[in-house]
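These notes are about the structure you will find just below.
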Amino acid sequence: MQFFAAVLLAVAGVNALVTPIDSRDLDFSHLEKRGCSVGAPNQGVIDTAYKTAKSRGLSYKLLVTVFETMAVESNYNNLNCGDQDSLGAFQQRPSMKVWGTASEIMNVAHATNAFIDAALDCANKHPNYSSGQTAQCAQVSEFPDRYDQQESRAKSILAEAIKRNGGSSNAGGAINVATKPSSGSGKSTSSSSTSGCKTHRTAKKGDTCSKLASAGGISLSKFYSLNSKVNSKCTNLQVGASYCIAAGTTSKASTGTSKATTSSGSCKQHYTAKSGDNCSKLAGKGGISVSKFLSLNGKVNSKCTNLQVGTSYCVKA
C-alpha cells in the first residue's frame, strides 16, 4: 500500500519520490502519535541537502552519513513537527541552541550545514567510524544502530540525487589505495601555489581533502588553491606526500592570537578556535545559536568554511 500511495502522490504532482518506507528499519509511530505525519521521501529536500553537502566538499562516506541521518530522522522530509521540539529533515531541537532557531532549522540548507558541522567534528575525532557511527555521534540518538541499518537505502537515494544534480561519488576524494611517494627520501611535498606555507601535513591512508583542510582550519577551496597539483575531485592525493594546510601569509597578532572582527561594538566572551572546531561548536561555548555566532563574527561566511585556527571569535555579546 505504501508503494501505491507514493505513486499516487507523484502522479498528483506532489514532489515525492517513489521510495516506500522500510517499516522494518524505520519506525515513526512515536511521531505519528503526536500527529506528525511522515510521508514518502521529498525530492526537493533530498536535492537541497545534496547540493549543500556537495558545496562543502564532503567525502562520499560523509555524504552517506548525511543521507542515513535524514532517512532515520524524517524519511527525507522537512517536518514542521517531531519528538519534543525537534524539527526539520534532521529533527534538530531549537532549544539546544547550537542548531539554530526554529525557522533556521526549517531551512533545509541551514539544517544540513549545521548537521555537517557536527558530523565533521565527529569524523575528525573518530576517523575510523562508519557513516552510521558518525551520524550517531552527531545526533546522540537513543537508538544508535538505526543509521547503519539504512546504509543501502541511503546510498541508493544518494545515487539518484547525484544523477539528477551532477557530481561524483568520490566527492571529497578519500584515498582508496596506499601509494608511496617516488622521492628517495621517502617523503614528497605537494607543490603550493603560494611562496610560503605556514603548516604542512603528511597525508595518511584514509585522508581526504576535506580532512586535511579541516586540520588546518581552512576551507576546501583554500586547500585546493594552496595545493595546485591536487585535482578538483581530490582523487590524486598521495599517501606520504606533505600538503600545505595553512598559508604563510596568514598572520597572527603579536600576542599569538588574532581576533575576528565582530559586527557589534562589544563582546563579553571570546574563544580561540582550535583544529577541528566549527561554528556549531564555537556557538555552543557561549550558549548561543549558530546564527547569533555568525552575526557576532561578521567575517565568518554563512557556510563557516573560513574559520581560522588560532583566531579568537566572539561567542557571547
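Odds and ends about this structure:
- Within the range 287-317, being out of contact with any Gly (no Cβ under 9 Å at 6 or more places or on another chain), over 17 Å from residue 275 (Cβ atoms) and outside any loop (DSSP other than H, G, I, E, B) holds for 294, 295.
- Condition met for residue 283 (small (Gly, Ala, Ser), at pLDDT below 80 and either surrounded by 21 or more Cβ atoms within 10 Å (Cβ to Cβ) or in contact with a helix residue (DSSP H, G or I) (Cβ under 8 Å, 6 or more places away or on another chain) (or both)): no
- Residue match in the range 58-68 (condition: assigned to a helix (DSSP H, G or I), at pLDDT 90 or above and over 28 Å from residue 127 (Cα atoms)): no
- Residue satisfying condition, being surrounded by fewer than 24 Cβ atoms within 10 Å (Cβ to Cβ) and in a helix (DSSP H, G or I), within set 83, 47: 47
- Residue in the range 176-186 that is within 28 Å of residue 277 (Cβ to Cβ), at pLDDT below 80, surrounded by fewer than 21 Cβ atoms within 10 Å (Cβ to Cβ) and under 25 Å from the mean Cα position of the chain (by Cα) present: no
- Residues satisfying the stated conditions in the range 99-154, i.e. crowded, with 23+ Cβ neighbours inside 10 Å and in a loop (DSSP other than H, G, I, E, B): 99, 100, 150
- Residue match in the range 193-204 (condition: of a type in the set (A, V, I, L, M, F, W, C), in a loop (DSSP other than H, G, I, E, B), modelled with pLDDT of 80 or more and at negative phi): yes
- Residues of the range 113-125 include at least one that is in the same structural domain as residue 46 (by the TED database), among the β-branched types (Val, Ile, Thr) and farther than 14 Å from residue 141 by Cα.
- Test result for residue 36, at pLDDT below 90, in contact with a strand residue (DSSP E or B) (Cβ under 9 Å, 6 or more places away or on another chain), in the same structural domain as residue 158 (by the TED database) and assigned to a loop (DSSP other than H, G, I, E, B): no
- Screening the range 286-296 for residues that are under 12 Å from residue 96 (Cα atoms) and not small (Gly, Ala, Ser) and picking the one that is surrounded by the most Cβ atoms within 10 Å (Cβ to Cβ) gives 290.
The values are calculated or read from the model by the stated rules, or taken from the named source; none is laboratory data. Because the structure is a prediction, the values reported are computed rather than measured. Note that we place each Cβ from the backbone using ideal geometry, even for glycine, and neighbour counts take in every protein chain shown.
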